[in-house]
Amino acid sequence: MTSRRWAIPALLALVVVLAILSVAVGRVTLTWDMWKAQDAISRAILIELRLPRAILGVLVGASLGLAGAAMQGYLRNALAEPGTLGVSAMSALGAVLSIFFNIAGLHPWVLPICGVIGGMTGMAALFVLSGMAASVLTLVLSGIILSALAIAGISLALSLSPSPWAAGEIVRWMLGGLTDRSFDELTIAAPLIVIGCVAVLGCRRPLDALTLGETGARSLGIDLNRAQWQLAFGIGLIVGGSTAVTGVIGFVGLIVPHLMRSLVGSRPGALLVPSAIGGAALVLAGDIVVRLLPGGSELELGVVMSLIGAPFFFLLLHSMRRKLT
Amino acid sequence: MTRPASNLKISGLQFRRGSRVVLDAIDLQLQSGAVTAVLGPNGAGKSTLLSCIAGLLRPERGSIELDGTSLHSLAAMQRARRIAFLPQTPEIAWAVDVQTLIGLGRIPFQGISSDEQDRAAVARAMAETEVAQWADRPVTTLSGGERARVLLARVLAGEADWILADEPFTGLDPSHQFEAADLLRSAADQGSGVVLTIHDLTLAARIADRVIIIDDGRMVADGAPQDALTPQILRNVYNIDAQWLDGSNGTPPTIAIHGRATRV
């Protein structure tokens, strides 16, 4: 254990370095001299573009890493994650429907709230479908059902969309990214995500106890019913809040907890905070890569994460194959 | 270290699954400081009885009192501090190290005992079960027998008044069975109440102070091993011909099973 004490400070240092890079790097590289000169353009780039983007990256990355670690702990399965199990897609469906029915414009909060409702519905449906003692098979099948349902709903909304504007907006949900986000979006996402994170972090004890299985956890005095709904609420808020402002960014919750296990051990409760910090680092790094790639227009972050995440998922599944059959 | 005496009083217990009555009319008074073995054929209701006493299942009728307080009026954490439970086929979901796994037994004490006390309890449990040398090893790298010892240590770390173990010896070789039995025996000698379900008649005869036999949801025998494990009762319950053999020169008893009972 003592040898792992450096893990959290090292990860935090990595996040700080990446955050500074994220603020400095892009089509225009901000240098310390430009910042000191206080010219209006670099100020605008920093305050209006880079800073909200970096903060949002930290927030969304951290919360998605946390959500992934918590879902894996609860379902006792290293393949669980909001993106792969369709919870993010359900959340996107909620957001898309609010655009489709033209209620998103009523108030800035309508779309995120619809995203949150979608995410919570996805979590609840997942728990109902897969049950407590989820085998990999039932879990993955539940995820397929949820994803298929959500994608069908989104496609339906696309083909029936009332205006080209709505169709364009809807497409944006399917490709998650941090591009051109302002402090307005940040102020909407932050409270939802923070409340969600607090709810999830409150489940550390049940998640630890679940290492001994359902019966083991209950015999240790854990109220699993309560833990289940607290997680559905917290992860629903996290996924809904982040999807509403950045669209679907998958695989963060899959990759990060897996990497963190080798750093800090497998105890689910002890994995939460490192996974959050690691998630922030991964999303920041991904977003920096997106900006540095050559080409006319920026690639969306969600696409890059899927390009990294899908092969990772493949390798993980491959290494677990023997255990699954 | 001995702990204050505790008693469990079970009266008129009935448990149903759907329309099937799994347990009926169970009346039982258990005292701490003794090993009670619950025997009976598969499906007789042994595990259900243990789960009811552990507070994991709520019986339809009857009451379970822990030192005069209804078990179900206790908060789950409060109950978990008094009664530790080792499930049949225990699950270990993650490759945590041995020390961490045993520490999970302290979960009911979070916010109540200090880290110091928790560490001391884990160290005591590891010393008692002699697993300290594996403290930093992932549980998944241990053999079945080693893992059973670690899981027992997890239960002991709770330092509960009551230890309920559902078939703790299943899947262990004879030497590991005796080893686990000795650990439970010594927990009882230190004042804990140990209640376990078991299929091995000889092992039950050797380690238990009291044997309870359940058949088809009802108690059919309750007493000292030699009074409960009689040829007549064993024939009725298991349909076997078996015989209690006293060990000569103070060696422990054996129950010889001659085969299935021949019906006349």
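A short reminder: the numbers here are calculations on the coordinates, not readings from a lab. Quick caveat, the model's predicted, so the values are computed rather than measured. As a convention, Cβ positions derive from the backbone with ideal geometry for all residues, glycine included, and neighbour counts pool all protein chains shown.
Long hydrophobic helices in chain A, taken as whole DSSP H segments with a C-alpha length of 20 Å or more on their own axis and mean Kyte-Doolittle hydropathy at least 0.5: A:7-24, A:51-75, A:110-130, A:136-159, A:183-201, A:224-246, A:268-292, A:301-324. How big is D for the stretch A:199-284, in µm² s⁻¹ as a whole number, if Stokes-Einstein is applied with the Kirkwood radius of its Cα pairs at 10 °C and 1.306 mPa s? For the chosen part, D equals 114 µm²/s.
For chain B, the longest principal axis of the Cα atoms and the long axis of helix B:144-157 meet at an angle of about 70 degrees. Extending 7 Å from Cα along the Cβ direction at residue B:173 and again at residue A:195 yields two label points whose distance is 5.9 nm. Applying the criteria of a DSSP loop state and at most 14 other Cβ atoms within 10 Å to the chymotrypsin sites (Phe, Trp or Tyr not before Pro) of the stretch A:56-123 yields A:101, A:109.
With equal scatterers on the alpha carbons only and no solvent term, can you work out the Debye log10 of I(q)/I(0) for the stretch B:85-194 at 0.12, 0.14, 0.18, 0.24 1/Å? At q = 0.12, 0.14, 0.18, 0.24 Å⁻¹ the computed log10 ratios are -0.37, -0.50, -0.86, -1.54.
Work out, in µm²/s and without decimals, the Stokes-Einstein translational diffusion coefficient of the stretch A:1-44 at 25 °C, 0.890 mPa s, Rh from Kirkwood over C-alpha pairs.
Details: Rh = 12.5 Å.
Estimated via Stokes-Einstein, D reaches 196 µm²/s.
Share of Cα-Cα pairs in the stretch A:40-155 beyond 17 Å, in percent? In whole percent, the share of Cα-Cα pairs in the stretch A:40-155 beyond 17 Å is 62. Every pair of different Cα atoms in the stretch A:144-289 enters the Kirkwood calculation, which places the hydrodynamic radius at 17.4 Å. Shape annotation for the protein assembly as shown: C-alpha extents along the principal axes are 98, 51, 44 Å, from largest to smallest. Summarising the overall dimensions of chain B from its C-alpha atoms, the Rg and Dmax are 18.7, 65 angstrom.
What does DSSP give for chain B in terms of the percent of beta bridges that are antiparallel, rounded to the nearest 5? Approximately 60 percent, going by the DSSP bridge assignments. Working from label points 7 Å from Cα in the Cα-to-Cβ sense, the residue B:186 to residue B:141 distance is 2.6 nm.
Applying 1/(1 + (r/R0)^6) with R0 = 41 Å to the Cβ-Cβ distance of residue A:37 and residue A:163 gives a FRET efficiency near 0.40. Taken over the stretch B:190-235, the alpha-carbon convex hull comes to 88 cubic angstrom per residue.
If you take each beta carbon of peptide A:205-214 and count the beta carbons of other chains within 10 angstrom, what is the mean? Working shown, then result.
Details: counts 6, 1, 0, 7, 4, 4, 11, 14, 6, 3.
Mean partner shielding for this stretch: 6.
Given the C-alpha centroids of the stretch B:177-255 and the stretch B:6-29, what is the distance between them in whole angstrom? If we compute the Cα centre of each part, the gap is 21 Å.
Taking Cα centre as origin and charging only the Cβ of basic (Lys, Arg, +1) and acidic (Asp, Glu, -1) residues, the dipole magnitude of the protein assembly as shown rounds to 540 debye.
Return a whole-number percent for the relative contact order of the stretch B:113-264, with Cα pairs under 8 Å and 6 or more residues apart as the contact set. Walk me through the numbers before you get to the answer.
Details: 179 pairs, mean separation 21.3, N = 152.
For the stretch B:113-264, the relative contact order is 14 percent.
Loop exposure criterion: trypsin sites (Lys or Arg not before Pro), DSSP state outside H, G, I, E and B, at most 12 other Cβ atoms within 10 Å. Applied to chain A, the longest stretch between such sites is A:28-325. Put the Cα centre of the stretch B:93-151 next to the Cα centre of the stretch A:229-261 and the gap is 31 Å.
Normalise the Debye intensity by I(0) for the stretch B:1-99, one equal point scatterer per Cα, no solvent, then take log10 at q = 0.10, 0.11, 0.12, 0.19 Å⁻¹ and round to two decimals. Values, matching the q order: -0.32, -0.39, -0.46, -1.04. How charged is the neighbourhood of residue B:105? Take every other residue with its Cβ under 9 Å from the Cβ of residue B:105, and add Lys/Arg as +1 and Asp/Glu as -1. Residues close to residue B:105 contribute a combined charge of +1.
What's the angle, to the nearest 10 degrees (0 to 90), between helix B:115-129's Cα axis and the longest principal axis of chain B? Helix B:115-129 and the main axis of chain B meet at about 40 degrees. In this label model, residue B:199 and residue B:14 are separated by 3.1 nm, measuring between points 7 Å along each Cα→Cβ vector.
What order, most packed first, do the peptides B:110-117, B:12-19, A:14-21 have when packing is the mean number of other Cβ atoms within 10 Å of each residue? Walk me through the numbers on the way to the answer.
On the way: B:110-117: 11.1, B:12-19: 13.6, A:14-21: 17.1.
Descending mean neighbour count gives A:14-21, B:12-19, B:110-117.
How large is log10 of I(q)/I(0) for the stretch B:132-224 at q = 0.12, 0.13, 0.25 Å⁻¹ when the intensity is taken from the Debye formula with one equal scatterer per alpha-carbon? Rounded to two decimals, the profile gives -0.42, -0.48, -1.41.
When the expected Rg is taken as 2.2 N^0.38 Å, what fraction or multiple of it is the alpha-carbon Rg of chain A?
Working: Rg = 19.6 Å, N = 325, 2.2 N^0.38 = 19.8 Å.
Output field value: 0.99.
With a 10 Å cut-off around each Cβ of B:227-237, the average count of Cβ atoms from other chains is 0.
When you look at the Cβ of every residue in B:96-104, what mean number of other chain Cβ atoms sits within 10 Å?
Working: counts 8, 4, 0, 1, 7, 4, 0, 2, 11.
Per residue, the average neighbour count from other chains is 4.
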